[in-house]
Amino acid sequence: MATEYDLAVVGGGAVGAAFAALAVRQARVPAARVVVIERERPAPWRPTDDYDLRVFALSRASARILAAAGAWEAIEAARVSPYERMRVWHASMAPRGGEALVFDAAELGEPNLGYIVEGRLIQAALHASLETLGVTIVPANVEALALSPDEAIVGLGERRIPARLVVGADGGRSRVRELAGLPAKTRDYRQQAIVANVVTGKPHESTAWQRFLGDGTLAFLPLANGQCSIVWSVASERAAQLRTLSVPDFERELTAALDGALGEVRLASGRVSIPLAATRAEHYVLERCALIGDAAHTVHPLAGQGVNLGFLDAAALAEVLADAREEREDPGALRILRRYERRRRPQNELMSAAMSGFNDFLALGQGPVAQVARRGMGVVNRLAPVKRLFAERALGVGGDLPMAARPPTI
Ligand SMILES: Cc1cc2nc3c(=O)[nH]c(=O)nc-3n(C[C@H](O)[C@H](O)[C@H](O)COP(=O)(O)OP(=O)(O)OC[C@H]3O[C@@H](n4cnc5c(N)ncnc54)[C@H](O)[C@@H]3O)c2cc1C
């Protein structure tokens, strides 16, 4: 009897849902042969809702991947906040001084550097695309996995789902990674990110603001309603203290932490804090099993790269499966899956190492260490080609991109 599914995707978060849609739309896997298993019903998104606390800075490559997955049109029509500039500076510099590193879309001949979008909206649009395509979404928690040379069998309580390939898109604490026995290394940053939405005294100028503090990092991401979403990463003890401060005391600390760059800051939402860790699976694939997104790697959020890397994984794996289909190859064969791992693991590891370096030397570095790192920032600022390279990577228009992420050719 033929295996019930070609693909069983565990985790219908942004990355898993995008992959499932790309598998059908791009790799031409019949929708009836794809199943997504997601344990939490996605929260609905309504235009009248306040901005969600979890927002992502999406690169242009991610927007293209979401378009290929059939979700970007709905996302853009609903609510996106394009940002045109990025201003990065160290606590020892003036926020608006010449030393600050500034990336400007206009200088690059681009309309913007990317988009700030709510996580809930991305997931809702992707699930709508999956429903339109006719992909089955099973609301269940994956508890077991058996991999054999012929098939993968995913266990949900009493139910068993056989597939030719299981894709673990189940986040940083991936059960699929653990059940498959794929080893991973984790670095606990002993930091937490405080996330909230705020009103600023001065306009945000459609600019993403980022200050390296000496004891962490503070980012203000501009939202289309004039507010900003903040991500304030500090040592866990300091985060616990900040979270319990009275609202006026927290606002005072926050205003000072941004060195008054956007005037007085007022909270427009509650505060949540998220523990930070970098996880790195040593291998992304096994016969009949592949990991994508946070299941394969989590990175420090200081440059907002996590989900962008995950979308690139999803697009690269879909492309590998499209090739396998053309070659009439088995999508779960290890030698096919290795093409995906070879393509994505070095790039993800480079980004993860860069984020850890920024955190250690710029965000936390003191004295001579910070001085050297700041000089590095100055070099990037002055050398136009280096600066352009950085900007292109942030935009997602450079490097080895999967087809779905590439700009249209004229
Ligand atoms: C403070 C902070 C700010 C960030 N900002 C940015 C940013 O600006 N830009 C950016 O690119 N990235 C950002 N990130 C990173 C981003 O949040 C993650 O990279 C992204 O959410 C990963 O998506 P994912 O789909 O791989 O995993 P997840 O979002 O974790 O989704 C996994 C899904 O799998 C489901 N699941 C888990 N286990 C099971 C199971 N056993 N059975 C069934 N279902 C299961 C879960 O319910 C969930 O829906 C940030 C992260 C943090 C902490």
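The values are calculated or read from the model by the stated rules, or taken from the named source; none is laboratory data. Everything numeric in this text was worked out from a predicted model, so none of it was measured. Quick reminder, even Gly has a Cβ in these numbers, built from the backbone with ideal geometry, and neighbours come from all protein chains shown.
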Task: Per-region count, segment 256-315, residues near the ligand (Cβ under 8 Å from one of its atoms) and of a type in the set (D, E, K, R) - done: 1
Open item on the list: Name the residue that is farthest from the ligand (Cβ to nearest atom), counting only residues in segment 7-23 that are more than 16 Å from GLU326 (Cβ to Cβ) and part of a helix (DSSP H, G or I).
Closed with: ALA21
Task: Unmet criterion (only one of (1) assigned to a strand (DSSP E or B); (2) farther than 23 Å from ASN225 by Cβ) for ILE116 - done: (2)
Task: Set ALA71, ALA20: member being in contact with a strand residue (DSSP E or B) (Cβ under 6 Å, 6 or more places away or on another chain), crowded, with 24+ Cβ neighbours inside 10 Å, at pLDDT 95 or above and over 20 Å from CYS228 (Cβ atoms) - done: ALA20
Open item on the list: Please go through (1) part of a strand (DSSP E or B); (2) within 15 Å of the ligand (Cβ to nearest atom); (3) more than 16 Å from the chain's Cα centre (by Cα) for ARG87 and return the number of the only condition it doesn't satisfy.
Closed with: (2)
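I'd like to verify a number: residues in segment 162-176 that are within 21 Å of the chain's Cα centre (by Cα) and more than 10 Å from the ligand (Cβ to nearest atom), how many? Lay out the reasoning, then the answer.
Of segment 162-176, the ones within 21 Å of the chain's Cα centre (by Cα) are 167-176.
Restricting the remaining residues to those that are more than 10 Å from the ligand (Cβ to nearest atom) gives 167.
Residues flagged as within 21 Å of the chain's Cα centre (by Cα) and more than 10 Å from the ligand (Cβ to nearest atom) within segment 162-176 amount to 1.
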Open item on the list: Condition check: more than 16 Å from the ligand (Cβ to nearest atom) and among the hydroxyl-bearing types (Ser, Thr, Tyr). Does THR136 satisfy that?
Closed with: no
TODO: Just need a number here: residues in segment 24-47 that are away from the ligand (no atom under 13 Å from the Cβ) and under 15 Å from ALA124 (Cα atoms).
DONE: 4
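Residues ARG41, ARG46: which one is in a loop (DSSP other than H, G, I, E, B) and farther than 30 Å from ARG85 by Cα? Please lay out each step first, then the result.
Working: ARG46 fails: farther than 30 Å from ARG85 by Cα.
Just one listed residue meets the conditions, ARG41.
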Open item on the list: For segment 276-318, give me each residue that is outside any helix (DSSP H, G or I) and farther than 21 Å from PRO183 by Cα.
Closed with: GLY304, GLN305
TODO: Report the residue count in segment 182-195 for those that are assigned to a strand (DSSP E or B) and more than 11 Å from the ligand (Cβ to nearest atom).
DONE: 6
